[in-house]
1. For A:W331 and A:V314 in one chain, what is 0.36 nm times their gap in residues minus the Cα-Cα distance, to one decimal in nm?
2. Only Cα pairs under 8 Å and at least 6 apart count here; give the relative contact order of the range A:139-201 as a rounded whole percent.
3. Suppose R0 equals 51 Å; then what is the FRET efficiency for B:D23 and A:R360 from their Cβ-Cβ distance, rounded to the nearest 0.05?
4. Does the range B:79-143 classify as rounded, prolate or oblate by the C-alpha gyration tensor (a ≥ b ≥ c root eigenvalues; a/c under 1.5 gives rounded; else a/b over b/c gives prolate, otherwise oblate)?
5. Obtain the nm distance between the two label points defined at B:A66 and B:R14 by a simple spin-label model: each point lies 7 Å from its Cα along the Cα-to-C-beta direction.
6. Go ahead and set up a Gaussian network model of chain B, Cα springs under 10 Å, then flag whichever of B:A146, B:A78, B:A52 fluctuates most.
7. Return the FRET efficiency for the residue pair A:R149, A:T118: r is the Cβ-Cβ distance, R0 is 22 Å, and the value is rounded to the nearest 0.05.
8. For A:L370 and A:T89, FRET efficiency with R0 = 51 Å and r from the beta-carbon atoms, rounded to 0.05?
Amino acid sequence: MLALRWLLGKDLRILRRSPVLSALLIFYPAVVAVLIGLALSRSPGLPRVAFLNEIAPSRSEISLGATRIDINSYEKQLFHSLALVPVKTRAQALADVRDGTTVAALIIPADLPQRLATGDETAFINVVYNGSAINESLVQSAIEAKLGRANALLAAQLEKVAGGYINLLLGGGKLSFLGETFNVLGLRASERRLDAVLAALPANSPVYPRIASVANFAKIAVNNLGTSKRVIGAVAAPVRARNQFVNGRRTALDFYAVAVAVTVSLMFVCLLLASGMLALEREENTFGRLRRGLVRAEILLAEKALLAAVCAAVVGFAMLAGISIFVTLDWARAGLWLVAIAAGSIAFATLGVALGGLVRDVRAASLLALLVSFPLVFLALVPAGAVAPGLYDVIRVLSAVFPFKPAFEAVNAAVNRSSPGVWVAIGHLAALVAGFGALARVGLRG
Amino acid sequence: MSPPTLRASSLGKRFGDRVALRDVSFELAGGEILAVIGPNGAGKTTLLSLLAGASTPSEGSVSAPAGERIGWVPQQTAVYSKLSVLENLRLFARLERVGDPDGAVETMLEQTGLRERADEQLGRLSGGNRQRVNIAVGLLADPAVALLDEPSASLDPRQRERLWEFIGVRARAGTSIVFATHNIAEAERYAGRVLVLADGELLYGGTLEGLRGDRGHDLESAFVEFLRERGH
């Protein structure tokens, strides 16, 4: 244990005398925390989209019976998540998209109200993209989402208008049309009056069957029109999503990003420090001196892993503390953050010493650490269903034998209460520590 | 002759299929200075690292009297370039579990003439001074046997002279010395006995005069002729 303490002191002194590395360890968490905090606490910039409304102000209304809907009144509601740049002509809209001034153009054609009012033809809004795959995908999803919302709003309005007419037909009331107001009797009142007339008529009256058939029609109409109102409401939004999360609490994307950022930082600090500091012993030729009975291999590995894990844990905790200035994190769970960060750091550091034992110099160790870690991060974050099931099984196995995924799950569970819980992930990490520890020990032989 | 302080028995080392050293046996007496000579790739460094315990033999064994320390000065400096001379010496004195680390460090700074450079980082010292620190670290624990691999390779003539003076003092005090060298003249001047290695094989163990035999040349030419006669 004394040897571990002396080696730790020596390595801390070496770190302190490596100004670039020390600066990186201090500034990296601070800079990353501030950037993530700013990114999460401020709304993103809106995509600039050229906007041309060809509907003349006098023709922007559509008539649905006695009700009039102003299409232009929906403009602000529909496109509030886009930065609309008004243009005067189609040519200007296309030019703006072509030269990159805007990422897309939205053109509302002049005949839209007419098409909507008649319902004979589909109503279109023209969208022009600039051909860049990323931009197109970004703006297309935003616009399609907004058009979906527009359709829903119009359908709701139509449902309201149609529902009003059905109520009038059923219950009666006043109807204004072409400046005139009419009293509508309504089917329920008609049915009652017809029933009263039938009751007063002798059964053998020649008009009885004819009035009875009209009364019967009124009864059927009252029953079925009441149902049709509900049917119209269902047609306006036939299927709605009711969200349920089977895998623990839902993690907001913002907080998910925090957990990813912290875990990636733990991984880089641990892998680079642990592998680098072990490789440094070989680079300085001190490895042979230490290994000839001065320090046991297990102590040497533990010292490097401990150094890297402590540095990474400090970096990870500092990041969370920094991010919490911008985003509300639950400080009551800070103890659990520390446990998750420490467990993740130890697992990464053990992998780091296993890698460091394979190489003879610091540069090779750093390169190896980066080569191993980058693909693992991407693989671990591949969501289920994004790739073929067989391939996903391979990815799951690969992700399970390296510490990124369980470390991420531990941090995510500690910060966001996601599932699986912290302790399950820590159990997984403990198994990996044992495995990589054994590999590191074998790597130091010879 | 004093009892042996180090004994190598049928030592061998393989790296995969390559045999780096085979069946090397010898004994070292207390206070003796032994030179290991041979061409490049002969196995000199491998032999010294096996004797030092820095690597494990594939065959055979190394034995030393219980409790005796073996000091090792590897061919390439094995010290921390970001630490000062003093910090390096202190660290290794502690790791070697020297009884009085500070006293041992003071003695070594004095004997190697490094006191004025004690606070300088190793990375800022000349190759010769780094090698002096390397030697100082190897001998810090006042070992019964000191193994030095090409100890004078990066030293200037004045530093070399000082090194051999220092080693001589140690040997007279009872420390057994084994050093590997390419320099036949150095072996002739300082070693009482030589081991000749070639391609991992021990070809000769004895005095240099015995090696010269009746070859009648200068020592270096006699050594080359000896190797040629043995097929190397």
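1. Values: separation 17, 0.36 × 17 = 6.12 nm, distance 1.62 nm.
Computed gain between A:W331 and A:V314 is 4.5 nm.
2. Result for the range A:139-201 is 20 percent.
3. The formula returns an efficiency of 0.95 here.
4. Note, shape of the range B:79-143 comes out prolate.
5. Placing both labels 7 Å beyond Cα along the Cβ direction yields 3.4 nm.
6. B:A78
7. Using R0 = 22 Å, I get an efficiency of 0.45.
8. Numbers: r = 52 Å, r/R0 = 1.02.
E between A:T89 and A:L370, to the nearest 0.05, is 0.45.
FYI, it's all coordinate maths here, none of it is from the lab. Predicted, not measured: the structure shown is a model, and the values here were computed from it. Positions of Cβ are backbone-derived with ideal geometry, glycine not excepted, and every protein chain shown enters the neighbour counts.
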